[in-house]
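Worksheet: one structure, shown below.
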Amino acid sequence: MNILVANLGSTSFKFRLFRFDGAGAAALLAKGGYERVTDYGKAIDDCLAELQAGGHVRSAADLHGVGFKTVLGRNLTGCVRADEKVIAALDGFREIAPAHNPPYALGIQRFREKLPGVPLVALFETAFYQWVPEAATRYAVPQAWYEAGVRRYGFHGASHKFVAERSAELVGRTDVAERVRRLYQAGLAPLAAGAKPLRVISCHFGGSSSITGIRDGVAIGTSMGLSPQSGLPQNNRVGDLDSAAVPFVMKTLGLPLAEVERQMTKEGGLLGLSGVGNDMRDIRAAAAQGNARARLALDVFIHSARHWIGAFLVELGGCDALVFTAGIGENNPDLRAAICGGLGDLGISLDPAKNEALRGAEGEITAAGARTRVFVIPANEELVVARETVRCLQAG
Ligand code: AMP
């Protein structure tokens, strides 16, 4: 089965082609992309021509599905066929995810026109949060705001769901792993009566970051809320921010709303704090040379991560597995050590040598005797989208 994963940005189109064998194992056959895209139809033609030239697909008939990692839809979530309803749902929330929803709506339309026989699948980033208890999804806003869509949705669902599945495998809970695999097709499959709860805290630390609490393979809450501009500080987007800040800076700095929005999404986060850049490598290098703002940016990130881990430790009533994933989580042992520092009484303790040695690969970094197992699980969101696309298509 050949599955193309299309990653659509406001001016970019990136793709990966995976081939799944009968046992469900995936091989990456090709990847590529184009910048400064103004015509998605042409980008799709170019992509198919590249795949043909590479000998991977002779025509659209050799493509068995295309998967899209859509972000947020109005009144729609899950892993579903990318049809008119998906396009309408993306359009309905274009204001909340302006950088993501319009390109996906347009891109899906073009794929439908260009590849009419090929099934298209949308995996919403919000899908993993369908079973979060209502109290954890609500803001204390007037009812009309809630009815307009103002609530917590949660993001990075593809990544956190993969962590839920893989961490269950790593701790030997094949029952939970199987439940997670089938989540979007079968919903909450019952576990065996008397099965011990499996409590996982998943830390996705990358260009954007979030922490999700997971019980028995299902999210119970997450640090991101209405938009991906919430929770931990992001690369150049603010994380959690008191709502009074927006009218305050509009009045005192004389900024129009559009400029406040631009600054919150382009000049906030680790960039705004550090003044150095939005890449963790640059911020760490500056901090190591004594740059106080860069050091502060790291400290704010660590503080925020501990805040959210603490929240889910209490919500879950303990933690069996703590997982670090994505670019920052996989490659920064000292940040992992700082985040886990002093938590021995809560069951969390790292083996310093194992932690230091583990970068960009899967492994366990738990100190001997610690109650909570701590893992690094590399993120590969395109592969997750491809797998969920296969599951969706096989379920019919
Ligand atoms: P992602 O969004 O998962 O691609 O992660 C991007 C973030 O991971 C950036 O802030 C990078 O600085 C950080 N990152 C990626 N590789 C490394 C590395 N080898 N060392 C430190 N940080 C890294």
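Computed values, structure above
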item	result
Residue within region 277-286 that is of a type in the set (A, V, I, L, M), closer than 25 Å to Gly157 by Cα, within 14 Å of the ligand (Cβ to nearest atom) and crowded, with 19+ Cβ neighbours inside 10 Å present	yes
From the options Val57, Val86, Val80, residue that is in contact with a helix residue (DSSP H, G or I) (Cβ under 8 Å, 6 or more places away or on another chain), part of a strand (DSSP E or B) and surrounded by 16 or more Cβ atoms within 10 Å (Cβ to Cβ)	Val80
Verdict on Glu134 being under 22 Å from the mean Cα position of the chain (by Cα) and of a type in the set (Asp, Glu)	yes
Of all residues in region 262-276 being surrounded by fewer than 18 Cβ atoms within 10 Å (Cβ to Cβ) and of a type outside the set (D, E, K, R), the one that is farthest from the ligand (Cβ to nearest atom)	Gln263
Hits in region 343-361 (condition: surrounded by fewer than 19 Cβ atoms within 10 Å (Cβ to Cβ) and farther than 14 Å from Thr372 by Cβ)	Pro352, Ala353, Lys354, Glu356, Ala357, Arg359, Gly360, Ala361
Out of Ala168, Ala105, Ala136, sole residue that is surrounded by 20 or more Cβ atoms within 10 Å (Cβ to Cβ), small (Gly, Ala, Ser) and within 21 Å of His204 (Cβ to Cβ)	Ala168
When residues of region 246-258 are limited to those that are in contact with a helix residue (DSSP H, G or I) (Cβ under 9 Å, 6 or more places away or on another chain) and closer than 24 Å to Val71 by Cβ, the one nearest to the ligand (Cβ to nearest atom)	Val246
Strands (runs of 3 or more DSSP E) completely within region 1-52 that count 3 or more residues being of a type in the set (Phe, Trp, Tyr)	13-20
Qualifying positions in region 53-105 - among the charged types (D, E, K, R) and within 19 Å of the chain's Cα centre (by Cα)	Lys69, Arg74, Arg94
Residues located in region 295-326, provided they are within 21 Å of the chain's Cα centre (by Cα), away from the ligand (no atom under 16 Å from the Cβ) and free of Cβ contacts under 8 Å to residues at least 60 places away in the same chain	His303, Arg306, His307, Gly310
Some residue of region 229-240 being surrounded by 20 or more Cβ atoms within 10 Å (Cβ to Cβ), over 21 Å from Tyr139 (Cβ atoms) and within 16 Å of the ligand (Cβ to nearest atom)	yes
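Let's see how each residue does on (1) more than 19 Å from the chain's Cα centre (by Cα); (2) within 16 Å of the ligand (Cβ to nearest atom):
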site	(1), (2)
Gly157	no, yes
Gly172	yes, no
Gln185	yes, no
Ala192	yes, no
His204	no, yes
Gly217	no, no
Leu226	no, no
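Every read-out reported here was derived from the displayed coordinates using simple, explicitly stated rules and does not represent laboratory data. Just so it is clear, the structure is predicted and the values come from calculations on it, not from any experiment. Backbone-built Cβ (ideal geometry, glycine too); neighbour counts: all protein chains shown.
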